[in-house]
Amino acid sequence: MSAETGSTEPSENAAVSDLLASFLSETDSLCTAAKTAIAAASDGSMLEKARIEFLGARSGRLKAMTQLLSGLTAVDRPAGGKQFNEAKATITALFSAARERIAAAQTKDGLAVVDAIDVTLPGERVRIGHVHPLTQTIRRVQEIMSRLGFESVDGPEVEDQWHNFEALAIGAEHPARDPLDNFYLAVAQGTEPLLLRSQTSTVQIRVMEKRRPPLRIVSLGRVYRPDTADATHYPMFHQVEGLLIEPGTTMAHLKSVLHFFASSFLGGDVRVRFRPSFFPFTEPSVEVDMEWDGRWIEMGGAGMVDPAVLESVGYDPDAVSGFAFGLGVERIAARRYGVADIRDFYRNDVRFLEQF
Ligand code: FA5
């Protein structure tokens with residue numbers, strides 16, 4: 001054993017020092033190479049390439065140095081580790097500085113491009129969307145009816161049998177309840193059938209169940225029927241439902257409200273005609289036609305609310321009476337805008353839609 005060092009193998013000590021010396025010199029040259037590569041990087045992709053070469057987590061050159069580091073003896077490792085950490089910190093800091101340098105240069109280039117814009121060239125047209133013609137129609141109807149004191153209300157599109165049929169005096173055997181004429185929903189066995197509402201008259205019932213007369217409401221929304229799509233039919237369409245319940249209401253009030261609505265909506269002179277019809281929930285019932293620009297068009301159904309319906313929601317038919325009407329929104333919009341086929345409203349063809 002050597003008296004000075006306490007080591008049993010002095011020759012091994014000399015070999016370890018050599019290993020450390022070679023590690024330190026390799027760390028130095030790695031640092032120099034990284035500095036050169038980073039300084040030479042003139043854009044983001046060159047810098048990224050250099051980053052992968054030196055700092056890459058899997059096969060970067062610094063990563064390879066960690067293997068050499070772990071090959072040093074326990075005595076040499078602190079000195080080697082210190083040098084390694086310093087080299088890593090230096091290279092990482094150089095990368096951050098280079099990244100900022102390149103980003104700043106790009107911003108400068110960007111400004112140079114902006115400066116180069118020729119303001120005398122024609123600009124690119126900005127395409128701004130607008131409200132769909134059916135939504136425009138719905139808002140217009142609501143606005144016109146509000147002038148007569150009709151409040152806009154909503155109702156659910158998934159309905160139960162009571163609101164879609166029974167409360168409207170459409171009995172269990174009525175053909176309007178046929179599964180082929182409605183979109184019934186799949187429900188758990190033993191629960192009440194539900195359907196997509198086939199008319200907005202459901203909202204009359206929902207409002208009357210909650211409120212007492214006098215009432216003036218209008219409800220616009222989607223309804224669903226398995227009708228084949230053609231120029232005047234669509235399986236999903238919109239209706240506007242109007243309901244007025246006040247003492248002393250007559251068919252004359254119904255006609256004047258519809259006349260006011262038609263001439264405000266279509267503009268100019270409009271004639272309104274009633275044709276006898278039948279709806280289970282109105283008595284008498286009529287089909288409403290409107291003449292505008294020399295053409296008659298069927299707009300919807302209407303009538304005086306049947307006393308049986310008033311009773312079903314707890315109103316006294318001797319004390320109040322009222323009228324209701326239901327018009328097809330697509331049909332009145334088509335008439336207003338001169339559209340020959342209501343399917344055009346749903347084709348989403350911008351060339352058609354941008355005209356409104
Ligand atoms: C009804 O739906 C009644 N609820 C209207 C009513 C309300 C009567 C209040 C009395 C009192 P009808 O099934 O006729 O009625 O439909 C009314 C209007 O909806 C039609 O005149 C038509 O304009 C429109 N319409 C009906 N089916 C379609 C369809 N498949 N596509 C587009 N519009 C339709």
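Would you kindly give the portion of the calculated P(r) for the range 133-353 that falls above 34 Å, as a percent of all Cα pairs?
Looking at the range 133-353, the distances longer than 34 Å represent 12 percent of pairs.
By a straight-distance test (C-alpha under 18 Å), which lysines pair with residue 82 as possible cross-link partners, with residues fewer than eight away in the same chain excluded?
63
Between exposed trypsin sites (Lys or Arg not before Pro) in the chain, where DSSP calls loop and at most 12 other Cβ atoms lie within 10 Å, what's the longest gap?
By the stated rule (loop sites, at most 12 other Cβ atoms within 10 Å), 128-346.
Just to be sure I understand the rule: take each whole DSSP H helix in the chain, project its Cα atoms onto its long axis, keep it if the span is 18 Å or more and its mean Kyte-Doolittle hydropathy is at least 0.5. Which ones pass?
Span-like helices, by this rule, are 251-266.
Can you pull the one-decimal nm distance between simple spin-label points at residue 32 and residue 351, each 7 Å off the Cα toward Cβ?
7.2 nm
For the residue pair residue 212 and residue 130, what label-to-label distance in nm results when each label sits 7 Å from Cα along the Cα-to-beta-carbon direction?
4.7 nm
Could you work out the helix-only [θ] at 222 nm for the chain, with each DSSP H run of four or more residues adding -39,500 (n - 2.57) and the total divided by the number of residues, to the nearest 500 deg cm²/dmol?
Roughly -14000 deg cm²/dmol at 222 nm, from the helical runs in the chain.
For the range 280-292, what does the Karplus curve 6.51 cos²θ - 1.76 cosθ + 1.60, with θ = phi - 60°, yield as ³J(HN,Hα) per residue in whole Hz, taken in order and with x for Gly and Pro?
3J(HN,Hα) across the range 280-292, in whole Hz: x, 9, 10, 8, x, 10, 9, 9, 9, 10, 10, 10, 9.
Under 17 Å from a label point 7 Å along Cα→Cβ of residue 337: give me every residue in the range 119-141 with its amide N that close.
Backbone N within reach: 128-141.
Go through 185, 308, 37 and say which Cα lies farthest out towards the positive end of the charge dipole of the chain; charges sit on Cβ, +1 for Lys and Arg, -1 for Asp and Glu.
37
Give me the distance in nm between label points sitting 7 Å out from Cα along the Cα-to-Cβ direction at residue 181 and residue 298, one decimal.
1.4 nm
For the chain, what is the relative contact order in percent, using Cα pairs closer than 8 Å and at least 6 residues apart in sequence?
In percent, rounded to a whole number, it is 13.
Since every read-out is calculated from the coordinates, none of them should be taken as a lab result. Here the structure is a predicted model, which means the values were calculated and not measured. Cβ atoms come from the backbone with ideal geometry, glycine included; neighbour counts cover every protein chain shown.
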